[in-house]
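Enquirer: The following block contains the structure, expressed as structure tokens.
The values are calculated or read from the model by the stated rules, or taken from the named source; none is laboratory data. Quick caveat, the model's predicted, so the values are computed rather than measured. Don't worry about glycine lacking a Cβ; one is built from the backbone with ideal geometry, like all the others, and counts go over all protein chains shown. Each accessible area value is taken on the protein alone, full model and side chains, heavy atoms only, with ligands, DNA and RNA left out. Shrake-Rupley method; radii C 1.70, N 1.55, O 1.52, S 1.80 Å.
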Amino acid sequence: MAYKIKSAECTVCGACDAECPNMAISLKKGTYVIDPAKCTECKGQFDSPQCAAVCPADCCVPA
Amino acid sequence: MGNVISLDSILGVGELKAPAESTPVESSGCSSSSCGSSDGPADMDPAVWDKVKNHPCYSEEAHHYFARMHVAVAPACNIQCNYCNRKYDCSNESRPGVVSEKLTPDQAIKKILAVAQDIPQLSVIGIAGPGDSLAAGAKNTFATFEHLQKKAPDLKLCLSTNGLALPDNVDRIAQYNIDHVTITINMVDPEVGAQIYPWIFHKHKRWTGLDAAKILHEHQMLGLEMLTARGILVKVNSVMIPGVNDEHLLAVNKAVKARGAFLHNIMPLISDPAHGTHFGLTGQRGPTAQELKVVQDACEGGAKLMRHCRQCRADAVGLLGEDRGDEFTADKIEAMGEIGYDDEARRTYREHVEAERSGRHASKAAAQADVQEAVGSAVDPILIAVATKGGERINEHFGHAKEFQIYEVGPQGAKFVGHRRVDQYCEGGSGDDDTLDTVLSAINDCTAVFVAKIGGCPSKSLESAGIEPVDRFAFEYIEESALAYFKDYAERLGQGSIQARAGQDAVIRTGALTAKRA
Ligand code: SF4
Ligand code: SF4
Ligand code: SF4
């Protein structure tokens, strides 16, 4: 399981990138994307997915 | 660089006059640089004066002479405010949190050097978002400051923050010689805070409601105390939200003063449904000019108030009240090639301002003494709107003014109390009448408007609205002229030839600074 970013709503602020414990988020061609292979939904690391908790646009959602 | 910069052109005045020659300097009995206005060095620790004298946001006087520049390297934020929506990005909009272009630290340095070459008034580089300068580990913010310190050491550094991450970053702020920090503090009571902040992100968790407001409040107070303990100047910004925190701002003023804040800046809420902010969408209105002034006046005597803030965009460039950001987009800077560092023009400019200023304290004091003698203290103060493009002079044409500076003048002297935007924005094709109406509603609480020049038609409209257009002080200093006008006004009032203008209010406009009035 992994999270994804709804790119139409993303403000490209990078807050999620800074919080992801697994370096799963990166800037590709002007928008942020989550690499599903690296994303763990933060299980075992934090109580809730960090990208979703910090995102001002609420656009980090389960894939 | 082949072009010699003429100081006249920098100040935008037709003629540079020496400060009133007739001024009896000796009679004041002290050297001009150590006495005078409340803004001056007299009541300030010299080390502090040195930090603020060329900072347009920290010194009201400096804001007439010096320019600031914000670089938008910090897009991420760690809280949500009901007055902010970072999704919205219209280049015609002017408010904190808005930018047209986000920069990497490298692009930011290049832009700063380009602007510094072009605008000798530049004295301060700030990072104010568009998110929070200390969010996301503050990586870009400190990377930018680290480079800048090496590349252009004469520029002062400052940053703005909501305060949540402040306690963790105070040591680094001190390490990079950032000597000005602005914290936005809208409440000191979590009950009030809960109406302003829907959530914060802290310790890997999203907090909401009272918990969120309480954590934010505690971090803001702790951060403020830590900064002032290190001698770093702190300005507190508060957004005045009618019905939410308007009266509460007195308590905020007291709390931040007790913790050593240097300045308190109470700003009107900018609220428009088109911005898509929570407050905008729920119809929360901003204050009127007089409502804002009442709260500001009530806080007078507490932490020192700032009234000249223009609520700049996070990528603003230029003197306060102007924005030349469009001239320095990433593409244009890329096209400029290699940019060096040369502080010659800025040094010359600063020396010039220093010389201007030293004469002013005495001439202001003389004008004020004159008024006190002639008028006594029976006459109520009045407001005057001034068309100026800087340098503390009346040097702008009425029809070209994008904003008016508001001075309150009375037997106690003349002081700057605010500014009113009158430029057009996002309204394309509005006619001259609309423009004039905009001006009238923005300065409706003023008795007179000082201009360098004004046409016949607007002059008549102003008169019929009860506002006297005055061009006889063209290119003179503002405060001295205001005092001279007041003396004359009091006389006419005494003779019964005019009536006092009381109980009027004005509209605060909050559009873009980039759109120019024709
Ligand atoms: S859910 Fe967690 S691991 Fe997945 S992208 Fe978001 S922060 Fe990274
Ligand atoms: S935090 Fe949200 S808005 Fe910001 S870059 Fe990530 S997905 Fe986009
Ligand atoms: S927003 Fe206010 S404090 Fe910040 S640069 Fe503009 S005038 Fe100065």
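Enquirer: Identify all residues within region A:13-46 that are surrounded by fewer than 18 Cβ atoms within 10 Å (Cβ to Cβ), part of a strand (DSSP E or B) and either without any contact (Cβ under 8 Å) to a residue 12 or more places away in the chain or aliphatic (A, V, I, L, M) (or both); write none if there are none.
Expert: Taking region A:13-46 first, the residues surrounded by fewer than 18 Cβ atoms within 10 Å (Cβ to Cβ) are A:21-23, A:26-31, A:33, A:35-38, A:40, A:43-46.
With part of a strand (DSSP E or B) added as a condition, the list becomes A:26-28, A:31, A:33.
Residues satisfying the conditions are A:S26, A:L27, A:K28, A:V33.
Enquirer: Can you tell me how many residues in region A:42-53 are out of contact with any helix residue (DSSP H, G or I) (no Cβ under 6 Å at 6 or more places or on another chain) and either near ligand 2 (Cβ under 10 Å from one of its atoms) or more than 14 Å from chain B (Cβ to nearest Cβ) (or both)?
Expert: Filtering region A:42-53 for residues out of contact with any helix residue (DSSP H, G or I) (no Cβ under 6 Å at 6 or more places or on another chain) gives A:43-49, A:52-53.
Next, only the ones that are either near ligand 2 (Cβ under 10 Å from one of its atoms) or more than 14 Å from chain B (Cβ to nearest Cβ) (or both) stay: A:52-53.
Final tally of qualifying residues: 2.
Enquirer: Let me ask you something else. Of all the residues that make up region B:116-132, how many are within 14 Å of chain A (Cβ to nearest Cβ) and either under 17 Å from B:D323 (Cβ atoms) or within 12 Å of ligand 3 (Cβ to nearest atom) (or both)?
Expert: Taking region B:116-132 as the starting set, the residues that turn out to be within 14 Å of chain A (Cβ to nearest Cβ) are B:129-132.
In the following step, the residues that additionally are either under 17 Å from B:D323 (Cβ atoms) or within 12 Å of ligand 3 (Cβ to nearest atom) (or both) were identified as B:129-130.
Residues meeting the conditions: 2.
Enquirer: Within region B:140-147, is even one residue open to solvent by 10 Å² or more (accessible area, probe 1.4 Å), assigned to a helix (DSSP H, G or I) and within 14 Å of chain A (Cβ to nearest Cβ)? Write out each step before concluding.
Expert: Restricting attention to region B:140-147, the residues satisfying the condition of being open to solvent by 10 Å² or more (accessible area, probe 1.4 Å) are B:140, B:143, B:146-147.
If we keep only those that are assigned to a helix (DSSP H, G or I) too, we end up with B:140, B:143, B:146-147.
Next, from what is left, pick out any that are within 14 Å of chain A (Cβ to nearest Cβ): B:140, B:143.
Taking every residue of region B:140-147 in turn, at least one turns out to be open to solvent by 10 Å² or more (accessible area, probe 1.4 Å), assigned to a helix (DSSP H, G or I) and within 14 Å of chain A (Cβ to nearest Cβ).
Enquirer: Considering region B:185-210 alone, what residues qualify as being more than 14 Å from chain A (Cβ to nearest Cβ) and not in a loop (DSSP other than H, G, I, E, B)? I'd like the intermediate steps shown before the answer.
Expert: Filtering region B:185-210 down to residues more than 14 Å from chain A (Cβ to nearest Cβ) leaves B:185-196, B:209-210.
If the condition is that a residue be more than 14 Å from chain A (Cβ to nearest Cβ) and not in a loop (DSSP other than H, G, I, E, B), then B:P190, B:E191, B:V192, B:G193, B:G209, B:L210 are the ones that fit.
Enquirer: Note down all Cβ pairs under 7 Å where the first residue falls in region B:146-172 and is touching a residue at least 24 places away in the same chain (Cβ under 8 Å) and in the same structural domain as B:P105 (by TED's automatic domain parsing), the second is surrounded by fewer than 20 Cβ atoms within 10 Å (Cβ to Cβ) and of a type in the set (D, E, K, R), and they're at least six residues apart or on different chains.
Expert: B:D154/B:D343; B:V170/B:R230
Enquirer: Here are some conditions: (1) under 22 Å from B:D132 (Cα atoms); (2) away from every other protein chain (no Cβ under 12 Å); (3) part of a loop (DSSP other than H, G, I, E, B). A:P56 meets all but one. Which one does it not meet?
Expert: For A:P56, the exception is condition (2).
Enquirer: Within region B:258-272, identify whether any single residue is farther than 23 Å from B:S160 by Cα and modelled with pLDDT under 90, and answer yes or no. Steps first, answer last, please.
Expert: Within region B:258-272, the first condition is being farther than 23 Å from B:S160 by Cα, and the residues that meet it are B:272.
Filter once more, keeping what is modelled with pLDDT under 90: B:272.
Checked region B:258-272: at least one residue is farther than 23 Å from B:S160 by Cα and modelled with pLDDT under 90.
Enquirer: Find the residue count for region B:216-248, including only residues that are open to solvent by 20 Å² or more (accessible area, probe 1.4 Å) and assigned to a helix (DSSP H, G or I).
Expert: Total satisfying the criteria: 8.
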